[in-house]
Amino acid sequence: MYIFVQKKELGRVSTIISEKDQQALKNEVEKVFGRTINQHSDCIVLSEWIKKQEEEIISPQTLRRFFGLIQSKSTPSLFTLNALSSCCGFEDWNDFIEKKKTHNNYQNNGNDSLLMAQSEIIESFFNIEATEWRDNNFFNSVRQISKRIFSNPSLADLLWDKLARNPTAQRWLFEYSPDMAGLAGTFRKGIVSYLRNKKTQEAMVYGYTLLFLGDYLSENFKSLNIHYRKLADLPLDSGIYCLPLARQLGTHLLYYRLQNNREEQRKWLLLSNGKYLTAFAHQLEHTFNFPGYHFMMADYLLLGNYYNEALEILEMHCPAMITVKSNHPSYDHVEIVYLMYAIANSFTGNEEKAKALMTKIQPEKICFIYQKYFMIRYLLLQLHLTGSSATLKKNKLKNEVQQLIAETGYTYFTHQLNQYF
C-alpha cells in the first residue's frame, strides 16, 4: 500500500484544478474532520485520520501543500483529491465536483433562501422529543420528511451534519428510515456524518453495514473491503436491536459469498439461523410483533442467492409480516414481503406460486425509501418469469431496469439483467 502511494505521489500526472474547487474541498474536509487546518500539527492528525478512515497514506507534507501552509507551484495529485473526497463521503474527486456543481446550480437558480428555510423547518422538527413506533402521525411525518430530504441532494447537503448530531434524527432517519436507493449516492454522505457523531457499537453496525451494502451493490470493491474490515472488528451482540444485528450477519454472508469461501458461508448461515433468531423475542415490544430480524435476513439471503434459506424464513414468518399491517397502518412492508416471497419461490422451482404472488403486489405502494431498491428486483423477477418469445415486453423491462441502475449506481444487478438477453 505504501509503495503504491509513493508511486502516485512521485510519478503523478499533473491535475487541473481551480482555486475555487480546491477551496471547496478544503472546506468540506475541515467540516467532516471537525476542525480547521491551520498548522503543521493539524496535518499530522489529519494524515492519521485519513489512514484510519480510508486506509490510504497522505503525508502531512502533502496536506500542508494542499491547505496552503507551505508554498508550492504544483497542483494536488488525483490520488490526493480522490482520497480527500472519499473521506468526505464522495466516491472520488469527479463525484465531489459533480455534486457540488448540482448544488451550486440549485443555489444560482434563486432557490437558496427557500432551501435554507426548508432545512431550518426540518431541523426544528427533529428537535422534538423522540416518540414511540406506535405514534402513527410521527412515523408518517418522518417518512414524508425523509422523502423531501432524499429527493433533494442540495437540501440533504445542508442537513447531514446537523441531523447526524441530533438523537431523534439519528434514530428515526438514519436507523429506521435509511434511503435504500442512495447507499452509493446522496445518503452515503449522511451515513459518514452519522458515524462521526454516534459512536455506540450499535451505531457502528448500522453505519458500516449500510456503507458495505452500498459498496456491494455499486461494486466498489476497494471501499467494500475497508468497510468490511471495520465491521469485522465489531463483536456480534444479540443485545443490540434486531435490524442491525441481521444486517451484521447478512454482511458477513455477502462478503464470504464474494470470496467464494464456502466454509465461512456455512458458518454464517448457521449463525444467522441459529441462536440469533432469539432476537425476535427482543423486538416484540418495539415493532408490533413484526419479525424484523427475519424480514431483514431474508433480504440479505436473497441478495446472496441463498434462495432455499430465504424461503424457509419466509414460509415461517410471511403471515406475521403481512398481518401486522392491520395493526399498524404506517408499517408499509407488505408489498416487499410478497416480492421477496415470490423471488424465493421462483428460484426454488415454484414459478407458478411466484406468479400468483406477483399479482398481489402493487409496486407503487412500496415505501419511498425502498422504492428503487426493490423496483429493480421486481422488474428483474418479471423478466425471469417472462417467456423468451415476449421480446417487446422484455426489452421494455430491460430499459426500465437499466434506468434504475443508472439512477442508483447499483451495477450489481446488471449481471442478473444480462442473463436474460
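Only the coordinates and a few stated rules stand behind these numbers; no lab work does. Small disclaimer: the values here were computed from a predicted structure and weren't measured. Cβ coordinates were reconstructed from backbone atoms using ideal geometry, including for glycine residues, and neighbour counts include every protein chain displayed.
Whole-Hz Karplus ³J(HN,Hα) for region 340-355, in order, using 6.51 cos²θ - 1.76 cosθ + 1.60 and θ = phi - 60°, x for Gly and Pro?
In residue order, the calculated couplings are 4, 5, 5, 4, 4, 5, 4, 9, 10, x, 10, 5, 5, 5, 4, 5 Hz.
Gain in length, residue 55 to residue 116, computed as 0.36 nm per residue apart minus the alpha-carbon separation, to one decimal in nm? Present the calculation step by step, with values, prior to reporting the outcome.
Values: separation 61, 0.36 × 61 = 21.96 nm, distance 3.55 nm.
In short, 18.4 nm is gained.
Below 8 Å, C-alpha to C-alpha, sequence gap of six or more: please give me the relative contact order for the chain in percent. Present the calculation step by step, with values, prior to reporting the outcome.
Numbers: 471 pairs, mean separation 46.5, N = 421.
Rounded, it is 11 percent for the chain.
Using label points projected 7 Å from each Cα along Cα→Cβ, tell me how many nm separate residue 399 and residue 39, to one decimal.
The two pseudo-label positions are separated by 6.3 nm.
By count of other Cβ within 10 Å, fewest leading, how are 215, 42, 233 ordered? Provide the component values of the computation, followed by the final result.
Working: 215 22, 42 19, 233 9.
Fewest to most other Cβ atoms nearby, the residues stand as 233, 42, 215.
Which of (i) 47, 28, 24; (ii) 38, 25, 23; (iii) 51, 37, 18 is the computed semi-axes √(5λ) of the Cα gyration tensor in Å for the structure on display?
Answer by label: (ii).
Before rounding to the nearest 500, sum -39500 (n - 2.57) across all DSSP H runs of length at least 4 in the chain and divide by the residue total; then give [θ] at 222 nm in deg cm²/dmol.
On the way: 22 runs with 284 residues, N = 421.
For the chain, the value works out to -21500 deg cm²/dmol.
Let me know the whole percent of all Cα-Cα pairs from region 120-206 that are separated by more than 18 Å.
36
What is the calculated FRET efficiency for residue 24 to residue 411, with r their C-beta to C-beta distance and R₀ = 30 Å, to the nearest 0.05?
Values: r = 28 Å, r/R0 = 0.93.
So, using R0 = 30 Å, E works out to roughly 0.60.
Based on Cα coordinates alone, diagonalise the gyration tensor for region 198-275, multiply each eigenvalue by 5, take square roots, and list the semi-axes in whole Å, largest first. Display every interim value, and only then the final one.
Working: eigenvalues 66, 59, 17 Å².
Values for region 198-275, descending: 18, 17, 9 Å.
List, in order, the whole-Hz ³J(HN,Hα) value for each residue of region 370-378 obtained from phi through the Karplus relation with A = 6.51, B = -1.76, C = 1.60 and θ = phi - 60°; use x for Gly and Pro.
9, 3, 5, 4, 8, 5, 4, 6, 4
Where the centroid of each part is defined by its Cα atoms, how far is region 355-405 from region 187-255 in Å?
Cα centres, region 355-405 to region 187-255: 28 Å.
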